[in-house]
Every structure is written in C-alpha cells, then in structure tokens.
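Each remark here refers to the structure printed beneath this line.
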Amino acid sequence: MTDSPPPPAPDAPSFRLAYVPGVTPSKWVRIWGQRLPDVPLTLVQVTPGESFGALRDGAADAALLRLPVDGEDLSAIPLYEETTVVVVPKDHLFAAAEELTPEDLAEELVLHPLDDTLDWEAPPGRPAFQRPETTADAIELVAAGVGVLVVPQSLARLHHRKDLTYRTITGVPQSRVALSWPKAEEAPDLVEEFIGIVRGRTVNSTRGRRAEAQKGRKTAGTSAAPVKKTAGAAKKATKATGAKPARSAKPARGKGGTAGRGGKPRRRS
C-alpha cells in the first residue's frame, strides 16, 4: 500500500481561471503547466452571466470571457475576435450557400437568446415572440424548425448536432474574447504570468515572479570578480599560439664612436 501525497499547504500559491462556454483554454493551460509546474491551475466553468461575479467574489483570479466587461472595477485585454455564423437545419436552403449576409435573413425568424454574446443594435430577420433563455434552448428550437440562430462559431461547434449545420455570415457584429481580472494598480504576479502566456511571450520575456527570479540569478552570476592572468598562464598561452617573444634591438652606432657593420668602432683618418 502506497502513501498518498500530502495535501498542499494552505498558503501554497494557486491560480483559478474561469471561462465561458465556447472558449477553449487548453493550450494556455498546457503552457502554464510547463512554465509553473509548482503552481496548480484550476479551471472554473461559468455562464456569461456568472463570469463577472466570479471575479468580484474572488471565486476566480482571472476569467476568459466575451466583451464588453460589466463595470469599471474589472480590467480586460482583448485576445481575438470570433467568426459569426448562422445555425440552420441541414435541409435548410441556406445549407447550400457558402456565405450569408443580413439581407438573406430578412424573411427568417431569427432567435435571440437572453444570453446572446453579440452586441446587436437590431438583429436581422423577424423577431420571435419570446426570447429563449439560453443558447442551448435556441439550438433546440432551430432543430425543431422554429427559426435560425446567429452565434459565434465556437458556440455553434459547442452545441453541434448531426441534424444541424452552420454558415458564415458577414456584415454583422463579432464577439471578442478577452482576459479579465479585478482592477488594481498592478496585476498580481500570477495574473501577469497568465497574461504573458496568452500574449505569446517567451519564458525569458515573461513578466512576473519567474522573470524577476531569473534576473536576480543573472545579476548574481555577473557580479563575480574577473580572473587575472598569471605569468604562468601567459607563458602557456604563448606556447599554445606558437609565437616567439620579440627580442629587444641593440642601438646602432655610427661616426664618433658609433658602431658600424660588425659592431667595431671606426678609426678616424
């Protein structure tokens, strides 16, 4: 019987990341595990309506959500835009098209769920008498032939069904995925680490506690006094290069006691 690993200390660092449906943080979570193996990252799945409360209540340190951010007490950095698509039954006329426009939906009943992530001024098409509670409910209505649904492509994939398909639509709003955290003068170290990961910073350029630790190690390594070469080391270097030391030249003597050729003084006539 093997002993179970001891539980982490109460004050051990950890990072809780909330995310809304359709957002896939797996790539960033994998990089986090490689760079900070000593800091566990816990994923917290939330609905769009719960995401802001999770940050304010301290249930999550940061969140991957869709803009706009609710309130001025939260910071956010946009990460990417999502393609917008129309979800329709597979036997719908739109299934034969490669791309749609808002004008194509003019005669269609367009479902508008209460958790809609697109910042519509006025959705295209004919409005339904009652708005579905969730995107999942709207998907069920599309499958029943009640209407069509305009959503980010990530949500269309999340709610994939064999009897449904989707087509890209242009000229409509696009949802933007962002990283958000409680506003502060400086982002906490672990939040700064995750910001570096989602922005594609390398290990050496990432800000936060790891970068500061690496900087401290480099400073300590360069503070050592330089090694002086000894006479013995200089001789060894000379032998290694094969160069012979230059001899000092004797001064030449000319007339008046100066040496001529052969080094003997000349007599005056």
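Remarks
- Residues being open to solvent by less than 40 Å² (accessible area, probe 1.4 Å) and assigned to a helix (DSSP H, G or I) - total across region 36-51: 1
- Region 91-126 - residue that is part of a helix (DSSP H, G or I) and over 23 Å from A144 (Cβ atoms) and, of those, least open to solvent (accessible area, probe 1.4 Å): P102
- Within region 52-69, being closer than 26 Å to T168 by Cβ, over 16 Å from the mean Cα position of the chain (by Cα) and buried (at least 18 other Cβ atoms within 10 Å of the Cβ) holds for one residue alone: R66.
- Checked across region 70-90, the condition of being open to solvent by less than 50 Å² (accessible area, probe 1.4 Å) and modelled with pLDDT under 95 holds for at least one residue.
The values are calculated or read from the model by the stated rules, or taken from the named source; none is laboratory data. Given the structure is predicted, the values throughout are model-derived calculations rather than measurements. Cβ coordinates were reconstructed from backbone atoms using ideal geometry, including for glycine residues, and neighbour counts include every protein chain displayed. Heads up: the accessible areas ignore ligands, DNA and RNA and are worked out on the full protein's heavy atoms, side chains in. Shrake-Rupley method; radii C 1.70, N 1.55, O 1.52, S 1.80 Å.
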